[in-house]
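Notes follow once the structure below has been shown.
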Amino acid sequence: MSKLATSRLSKDRSWIHYLRVMRIDHWLKNVFILFGHMVALGLLPGLLVWERIPTIAWAVFFSLIPACLVASANYILNEILDAPFDRTHPTKKYRAVAAGLVNIPVLWVLMAGLIVAGFAFALWFFNLSYNLSLLLLLISGLVYNVRPFRFKDRAFLDVIAESFNNPIRLWLGWYSLGPANSFPPLSILLAWWFFGALLMAGKRYSEYRFIGNADRSARYRKSFSVYTERSLVISMIVYANFFCFCMGVAITHYRPNLIFVFPVVVGAIGVYFNRAMTDEGARLEPEELLKNPLIIAATFLTVVIGAILAWLPFDLINAFGFLKLIPGG
């Protein structure tokens with residue numbers, strides 16, 4: 001193929017590069033909003049009524065749209081500001097901005113358009129608390145990427161800040177169905193936050209090992225100049241324990257039957273980390289990891305078993321005599 005033909009082909013397909021910067025495939029992260037829907041339906045009295053199911057279904061679908069638009073705006077910001085660092089990464093140097101395949105001013109306009117469209121949609125369909133949660137999602141992207149904050153450069157704080165998007169998505173799901181003056185239980189919020197921190201710390205560990213060079217790691221991500229394999233593993237253990245503690249508190253108070261889903265949750269986390277810590281998995285973004293068939297199957301199994309246990313009309317704890325193992329129980 002001639003150079004002229006190659007140039008024309010690249011130009012004809014330039015719009016694809018802009019779509020890639022928007023990271024539409026990363027919208028998969030917003031599946032965590034569904035957890036907020038499930039918590040609201042399970043805990044808010046009178047919300048799940050047969051006659052309201054069509055309305056609820058539309059609200060669930062519509063609640064994903066503003067989140068996806070604002071998330072894409074954050075991804076554009078991330079890729080523009082990270083381009084100098086991405087050029088030092090073995091695979092991210094091929095991203096559109098780092099490789100010089102897109103026009104930066106066009107990206108800024110696209111980012112602004114996504115933000116306006118996202119909030120216009122949210123203001124039209126949802127209450128104030130949903131819109132404030134959406135604003136938090138935007139602010140989260142700003143403080144994560146923009147100086148003088150740029151939390152992504154600060155060891156451990158980068159994981160805590162990025163995983164804070166989990167509680168935000170829970171709020172988006174909750175407030176798309178529930179009233180603006182309600183609030184999901186703090187124990188569930190914290191458990192969801194620490195669960196996200198556990199997954200992100202695992203990804204940091206895999207990425208740190210994948211780069212395999214301390215100097216190159218530090219040039220790509222400043223936090224890697226502080227991290228070590230040991231400190232990352234210890235942080236994962238800490239996040240896992242906090243997740244189990246907070247989830248245990250929530251289950252004991254709201255849905256005791258869900259204690260039986262814990263072995264499945266642990267198994268699903270094991271499947272995730274087994275994949276993330278392979279050489280191939282270390283090259284992938286979390287969204288790509290979530291597309292792995294085993295991870296999908298483990299996640300689906302966890303959700304199905306959890307839903308069944310949450311809605312059982314009888315108490316499994318007493319049925320199996322678990323409390324009788326405790327003196328006085």
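The values are calculated or read from the model by the stated rules, or taken from the named source; none is laboratory data. The structure displayed is predicted, hence computed values, not measured ones. All Cβ positions, glycine included, derive from the backbone under ideal geometry; neighbour counts span all protein chains shown.
Please specify each residue of the stretch 194-232 satisfying the condition of being more than 21 Å from L41 (Cβ to Cβ), of a type in the set (F, W, Y) and in a helix (DSSP H, G or I).
Scanning the stretch 194-232 gives F194, Y205, Y208, F210, Y220, F224.
Take the stretch 85-108 and flag every residue that is modelled with pLDDT of 90 or more and in a helix (DSSP H, G or I).
I104, P105, V106, L107, W108
Within the stretch 138-153, restricting attention to residues that are surrounded by fewer than 19 Cβ atoms within 10 Å (Cβ to Cβ) and among the charged types (D, E, K, R), which residue is farthest from the chain's Cα centre (by Cα)?
That would be R147.
Here's the yes/no breakdown for (1) over 24 Å from A112 (Cβ atoms); (2) buried (at least 16 other Cβ atoms within 10 Å of the Cβ); (3) modelled with pLDDT under 80:
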position: I16; (1), (2), (3): no, no, no
position: V21; (1), (2), (3): no, yes, no
position: K29; (1), (2), (3): no, yes, no
position: L34; (1), (2), (3): yes, yes, no
position: V39; (1), (2), (3): yes, yes, no
position: R52; (1), (2), (3): yes, no, no
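Pull out all pairs, ordered by first then second residue, where Cβ-Cβ is under 9 Å, the residues are six or more apart or on different chains, the first lies in the stretch 88-100 and is among the charged types (D, E, K, R), and the second is assigned to a loop (DSSP other than H, G, I, E, B) and modelled with pLDDT under 80.
Close Cβ pairs (under 9 Å, with a partner that is assigned to a loop (DSSP other than H, G, I, E, B) and modelled with pLDDT under 80) amount to R95/H89.
So in the stretch 155-174, with the set limited to residues that are over 9 Å from the mean Cα position of the chain (by Cα) and among the small types (G, A, S), which one is nearest to P185 (Cα to Cα)?
This residue is G173.
Please list, ordered by first then second residue, the pairs with beta carbon atoms under 9 Å, 6 or more apart or interchain, first in the stretch 251-270 and in contact (Cβ under 8 Å) with a residue 40 or more places away in the chain, second surrounded by fewer than 16 Cβ atoms within 10 Å (Cβ to Cβ) and of a type in the set (S, T, Y).
I259/T252
Failed condition for L135, given (1) modelled with pLDDT under 95; (2) in a helix (DSSP H, G or I); (3) surrounded by fewer than 17 Cβ atoms within 10 Å (Cβ to Cβ), with all others met?
That leaves (1) as the condition not met.
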